[in-house]
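Some notes on the structure that comes next.
The values are calculated or read from the model by the stated rules, or taken from the named source; none is laboratory data. On a predicted model such as this, the values are computed, not experimentally measured, just so you know. Here the Cβ positions follow ideal geometry from the backbone for every residue, glycine too, while neighbour counts run over all protein chains shown. Please note that ligands, DNA and RNA were not included when accessible areas were found on the heavy atoms of the full protein model with its side chains. Shrake-Rupley method; radii C 1.70, N 1.55, O 1.52, S 1.80 Å.
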Amino acid sequence: GQQVMQIPQYQHVQEGEDFTTYCNSSTTLSNIQWYKQRPGGHPVFLIQLVKSGEVKKQKRLTFQFGEAKKNSSLHITATQTTDVGTYFCAGSPNDYKLSFGAGTTVTVRA
Amino acid sequence: ETGVTQSPTHLIKTRGQQVTLRCSSQSGHNTVSWYQQALGQGPQFIFQYYREEENGRGNFPPRFSGLQFPNYSSELNVNALELDDSALYLCASSLEGLAGGETQYFGPGTRLLVL
C-alpha cells in the first residue's frame, strides 16, 4: 500500500533560523496537503499542492511539490515560537483517502 | 474554527465495551472521513462516508463501523474495545470526497482511553 514518510521526525530550531522538512511517497500522488497540529490540538489545513513542481508561499512558509509528484518539502524561514507544533504531509494517489506521514515535530529555542 | 464538531471530547472505557463517537460536519459538506491518531503518530484513515454511503475503508477490522445521516453528520462505532484502541479519533469533513484532493477540515477530536 501507499506509504508517506517524513523526515526528520524531530526538528529543534534556534529562533530566527530556517529549517526544512521533507515528505516522500512510495507512489505518485495526485496532490499533497500539509497540516499543522499544535500540542493537544487537531490538524489544521495549511495548503494543498496539485501541479508537478508547484511552489506556494505563505508568509515565512514555502511549500514545494516535486517534479515526479512523489515528494514535497516545507521550508520555514526565520523560525518563531509560534511555529511550534507537528507538521504533517498527507498525500492522495487519486482515490478517496489521504495517507498521512508520521509528522515532523518542531520545537524552538528562544 | 472549522465548524466541525465532535462529541464527546474525552471518554474512558474498559476493554470489551462498545463506544459511539459523533461528528457534525461543516455546513454544506457531504463527506466525512474518520481517522485514528495514536500518540506520536500521524492520523490513520479509518473510513469515509459520502452522501450516507461508505466510500472507502482503511486497514481497520470490522468492529470499527460507521454511519452517516441525511444531514451528513456521522457516527463511528467501535465494538469489543481493545487497549490499543486508545487514541485521538478525528473526523474531517469535505465538500466532495470521491475525487480526492478536497480540503478536509478537522474537528477537535475525541480522546478515547481504554483501560
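Using the structure shown, decide if A:Thr62 is open to solvent by 40 Å² or more (accessible area, probe 1.4 Å), away from chain B (no Cβ under 12 Å) and not aromatic (Phe, Trp, Tyr). No; evaluated as a whole, the condition is false for this residue. Scan region B:23-55 for residues that are more than 13 Å from chain A (Cβ to nearest Cβ) and surrounded by fewer than 16 Cβ atoms within 10 Å (Cβ to Cβ) and the total you get is 3.
Please determine whether any residue of region B:4-13 is of a type in the set (A, V, I, L, M), within 13 Å of chain A (Cβ to nearest Cβ), in a loop (DSSP other than H, G, I, E, B) and open to solvent by 10 Å² or more (accessible area, probe 1.4 Å).
So the first thing to find is which residues in region B:4-13 are of a type in the set (A, V, I, L, M), and the list is B:4, B:11-12.
Filter once more, so that each one left must be within 13 Å of chain A (Cβ to nearest Cβ): B:4.
Adding the requirement that they be in a loop (DSSP other than H, G, I, E, B) leaves B:4.
With the extra rule that they be open to solvent by 10 Å² or more (accessible area, probe 1.4 Å), the set shrinks to none.
Checked against the condition, which is being of a type in the set (A, V, I, L, M), within 13 Å of chain A (Cβ to nearest Cβ), in a loop (DSSP other than H, G, I, E, B) and open to solvent by 10 Å² or more (accessible area, probe 1.4 Å), region B:4-13 yields no hits at all.
B:Glu54: part of a strand (DSSP E or B), of a type in the set (D, E, K, R), free of Cβ contacts under 8 Å to residues at least 60 places away in the same chain and farther than 22 Å from A:His42 by Cα, yes or no? So B:Glu54 fits the description; yes. Within region A:45-72, the set of residues being among the hydrophobic types (A, V, I, L, M, F, W, C) and in contact with a Gly (Cβ under 9 Å, 6 or more places away or on another chain) comprises A:Val50, A:Phe65.
Of all residue pairs spaced 6 or more apart or on separate chains, those with beta-carbon atoms under 8 Å, a first member in region A:8-23 that is open to solvent by less than 40 Å² (accessible area, probe 1.4 Å) and a second member that is outside any strand (DSSP E or B) are A:Val13/A:Thr79; A:Val13/A:Asp83; A:Phe19/A:Thr79; A:Thr21/A:Pro8; A:Cys23/A:Gly101. Within region B:1-59, being more than 26 Å from A:Thr86 (Cβ to Cβ) and of a type in the set (Ser, Thr, Tyr) holds for B:Thr14, B:Thr20, B:Ser27, B:Tyr49, B:Tyr50. Each residue in region B:66-85 was checked for being more than 18 Å from B:Asn55 (Cα to Cα) and assigned to a loop (DSSP other than H, G, I, E, B), and 4 pass.
Could you identify the single residue in A:Val44, A:Val55 that is within 13 Å of chain B (Cβ to nearest Cβ), surrounded by fewer than 19 Cβ atoms within 10 Å (Cβ to Cβ) and β-branched (Val, Ile, Thr)? Working first, answer last.
Details: A:Val55 fails: within 13 Å of chain B (Cβ to nearest Cβ).
After applying the criteria, what remains is A:Val44.
Mind checking which residues of region B:56-115 are open to solvent by 40 Å² or more (accessible area, probe 1.4 Å) and on the phi > 0 side of the Ramachandran plot? Listed by number, the residues that qualify are B:Tyr72, B:Ala80.
Scanning region A:48-76 for residues that are among the hydroxyl-bearing types (Ser, Thr, Tyr), farther than 28 Å from B:Trp34 by Cα and within 14 Å of the chain's Cα centre (by Cα) yields one hit, A:Thr62.
Quick check on A:Lys69: is it basic (Lys, Arg), assigned to a loop (DSSP other than H, G, I, E, B) and open to solvent by 10 Å² or more (accessible area, probe 1.4 Å)? Give the steps one after another, and end with the answer.
Values: basic (Lys, Arg): yes; assigned to a loop (DSSP other than H, G, I, E, B): yes; open to solvent by 10 Å² or more (accessible area, probe 1.4 Å): yes.
Here the answer is yes, as A:Lys69 does meet what is asked.
So for region B:37-47 (the condition being of a type in the set (Phe, Trp, Tyr), at pLDDT below 95 and assigned to a strand (DSSP E or B)), does at least one residue qualify?
First, the residues of region B:37-47 that are of a type in the set (Phe, Trp, Tyr): B:45, B:47.
Right, trim to at pLDDT below 95 and you get B:45, B:47.
Keeping just the survivors that are assigned to a strand (DSSP E or B) gives B:45, B:47.
Looking through region B:37-47, at least one residue is of a type in the set (Phe, Trp, Tyr), at pLDDT below 95 and assigned to a strand (DSSP E or B).
Out of the residues in region A:74-106 meeting the condition of being open to solvent by 20 Å² or more (accessible area, probe 1.4 Å), touching a residue at least 40 places away in the same chain (Cβ under 8 Å) and more than 14 Å from chain B (Cβ to nearest Cβ), tell me which one is farthest from B:Ile46 (Cα to Cα). In this case the residue turns out to be A:Ala78.
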